[in-house]
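Scroll down for the structure; my scribbles are underneath it.
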Amino acid sequence: MSTADLPGAGSRGMTWPQQLSLAFGVIYTLIGVIGFFITGFGDFFGNMNGSSMTHDDTLLGFMINPAHNVVHILIGLAGIALSRTLKSARTYGLLLLVGYGAAFVYGVIAVGKDWDFLNLNWADNILHIVTAIVGAVIAFGPVKTITQERGRNASLR
C-alpha cells in the first residue's frame with residue numbers, strides 16, 4: 001500500500017483540508033492578479049454607485065476594483081501559506097468562515113451604496129457566503145488518520 005492509499009492522504013501526503021486550502025489559495029490569488037488586468041491600479045476604492053468614482057468593471061459577473069483585487073490576493077496567499085499543515089489549514093478555514101461571513105453581512109448592507117469601498121454586487125455576496133461555508137468545512141470537517149483506522153483516536157487537530 002502506498003501513502004496515497006492511506007486515509008486522509010493526498011498529493012504529497014496532504015489531507016483534504018490542506019488540499020482545499022491550497023486550491024482556494026491559488027484560485028483567489030489568480031483572481032486577484034487577473035482583476036488588475038481589468039481594473040488597472042487607478043481609482044483604488046471606486047465603485048459603480050459613487051458619483052465621482054465609477055468602477056463598473058466585472059470579472060465573470062463579479063464587481064471588482066483594485067482594493068477588491070488586493071483583498072483576493074491576500075486571501076489567496078494566506079491559503080497557500082497555511083496549507084502546509086492540517087492545523088494551519090484549519091486556521092485558514094476559520095479565517096474564511098469569519099472573514100467571508102463578515103463580507104457577506106457587509107455586502108448585504110453595502111450593495112448599491114456610494115460608500116461601498118469593495119464595489120460589491122449580489123454575485124459577490126453569494127460567492128462570499130459559499131466561501132464562508134467552504135471555510136467551515138475546512139475548519140471542522142473530519143479527517144481520518146491511520147491511527148484512527150487501527151482503533152486509536154488520535155486526531156490530527
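The values are calculated or read from the model by the stated rules, or taken from the named source; none is laboratory data. Nothing here was measured: the structure is a model prediction, and the numbers come from that model. Using ideal geometry, Cβ is built from the backbone for each residue, glycine included, and neighbour counts are taken over all protein chains shown. Just so you know, the surface numbers come from the protein's heavy atoms only, side chains and all, with ligands and any DNA or RNA stripped out. Shrake-Rupley method; radii C 1.70, N 1.55, O 1.52, S 1.80 Å.
Within the bounds of region 48-56, is there any residue that is surrounded by fewer than 20 Cβ atoms within 10 Å (Cβ to Cβ) and either at pLDDT 75 or above or charged (D, E, K, R) (or both)? Yes, there is a match, as at least one residue in region 48-56 is surrounded by fewer than 20 Cβ atoms within 10 Å (Cβ to Cβ) and either at pLDDT 75 or above or charged (D, E, K, R) (or both). Could you tell me whether Arg84 is within 14 Å of Val134 (Cα to Cα), modelled with pLDDT of 95 or more and not aliphatic (A, V, I, L, M)? No: the conditions fail for Arg84.
For region 59-69, the criterion of being buried (at least 21 other Cβ atoms within 10 Å of the Cβ), assigned to a loop (DSSP other than H, G, I, E, B) and at pLDDT below 95 is met by at least one residue. Answer yes or no as to whether Gly112 is more than 19 Å from Val70 (Cα to Cα) and open to solvent by less than 60 Å² (accessible area, probe 1.4 Å). The answer is yes for Gly112. Quick check on region 14-29. Is at least one of its residues surrounded by 19 or more Cβ atoms within 10 Å (Cβ to Cβ), in a loop (DSSP other than H, G, I, E, B), at pLDDT below 85 and over 16 Å from the mean Cα position of the chain (by Cα)? No, every residue in region 14-29 fails to be surrounded by 19 or more Cβ atoms within 10 Å (Cβ to Cβ), in a loop (DSSP other than H, G, I, E, B), at pLDDT below 85 and over 16 Å from the mean Cα position of the chain (by Cα). Inside region 81-104, residues that are part of a helix (DSSP H, G or I), open to solvent by less than 40 Å² (accessible area, probe 1.4 Å) and farther than 17 Å from Leu118 by Cβ make up a count of 6. Answer yes or no as to whether Ala78 is in a helix (DSSP H, G or I) and either closer than 24 Å to Phe140 by Cβ or modelled with pLDDT under 75 (or both). So Ala78 fits the description; yes.
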